[in-house]
1. Can you name the residue in the stretch 1-28 that is farther than 21 Å from Ala103 by Cβ and either surrounded by 15 or more Cβ atoms within 10 Å (Cβ to Cβ) or of a type in the set (A, V, I, L, M, F, W, C) (or both) and, of all such residues, is farthest from the chain's Cα centre (by Cα)?
2. Within the stretch 29-40, which residues are surrounded by 19 or more Cβ atoms within 10 Å (Cβ to Cβ) and β-branched (Val, Ile, Thr)?
3. From Asp107, Asp55, grab the single residue that is exposed (fewer than 12 other Cβ atoms within 10 Å of the Cβ), on the phi < 0 side of the Ramachandran plot, touching a helix residue (DSSP H, G or I) at 6+ places or on another chain (Cβ under 9 Å) and not aromatic (Phe, Trp, Tyr).
4. Is there any pair linking a residue in the stretch 36-56 that is touching a residue at least 24 places away in the same chain (Cβ under 8 Å) and of a type outside the set (A, V, I, L, M) to one that is crowded, with 24+ Cβ neighbours inside 10 Å and part of a loop (DSSP other than H, G, I, E, B), with Cβ under 6 Å and at least six apart or on different chains, and which?
5. State whether the residues of the stretch 20-31 include one that is free of Cβ contacts under 8 Å to residues at least 24 places away in the same chain and at positive phi.
6. Can you tell me which residues in the stretch 1-29 are of a type in the set (A, V, I, L, M) and closer than 13 Å to Leu81 by Cβ?
7. Can you report the number of residues in the stretch 60-93 which are without any contact (Cβ under 8 Å) to a residue 60 or more places away in the chain and of a type in the set (Ser, Thr, Tyr)?
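Read-outs throughout are calculated quantities, based only on the coordinates presented, and are distinct from any laboratory measurement. All values reported here derive from a predicted model rather than from experimental measurement. Note that each Cβ is placed from the backbone with ideal geometry, even for glycine, and that neighbours are counted across all protein chains shown.
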Amino acid sequence: MNRGDLFRVRKPGGDPKRSRVFVVVSRPALIASRFSTVVCAPIYTQRMGSSTEVDVGPAEGLKHDSSIHCDALVSLAKSELTNYVASLPSALIAQLDQALRIALSLD
């Protein structure tokens, strides 16, 4: 598991969908640690055009044009992240970093 990896999670807590794709956004040190959870951002097909969203789609292994929503971060158990979809290319990780900075109001 690496930062920028996409995973399909079945029955994510409180989500009405049967499954949802999430992207891992935790720092590599946390991912490699014995800590049982990582921070992830959900991917939705609905796009609102916010500066805290990153557009993704079939090129990233998804069925539809979608977006990563950095305003909706969640902590997921590493054990839930078993259905690997794809890894974001470095250009999209740079966009993800910028969207996270905006969402978290970081300089």
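1. First, pick out the residues of the stretch 1-28 that are farther than 21 Å from Ala103 by Cβ: 1, 8, 10-11, 16-19.
Pick out the ones that are also either surrounded by 15 or more Cβ atoms within 10 Å (Cβ to Cβ) or of a type in the set (A, V, I, L, M, F, W, C) (or both) and you get 1, 8.
On the way: Met1: 12, Arg8: 10 Å.
Out of the qualifying residues, it is Met1.
2. At the first step, the residues of the stretch 29-40 found to be surrounded by 19 or more Cβ atoms within 10 Å (Cβ to Cβ) are 38, 40.
Hit for the stretch 29-40 is Val38, nothing else.
3. Asp107
4. Close Cβ pairs (under 6 Å, with a partner that is crowded, with 24+ Cβ neighbours inside 10 Å and part of a loop (DSSP other than H, G, I, E, B)) amount to Thr52/Cys70.
5. Scanning the stretch 20-31 turns up no residue that is free of Cβ contacts under 8 Å to residues at least 24 places away in the same chain and at positive phi.
6. Step one: list which residues in the stretch 1-29 are of a type in the set (A, V, I, L, M), which gives 1, 6, 9, 21, 23-25, 29.
Met1, Leu6, Val9, Val21, Val23, Val24, Val25, listed by residue number.
7. Of the residues in the stretch 60-93, the ones without any contact (Cβ under 8 Å) to a residue 60 or more places away in the chain are 60-73, 75, 77, 79, 89-91.
Those still in the list that are of a type in the set (Ser, Thr, Tyr) too: 66-67, 75, 79, 90.
Qualifying residue count, the stretch 60-93: 5.
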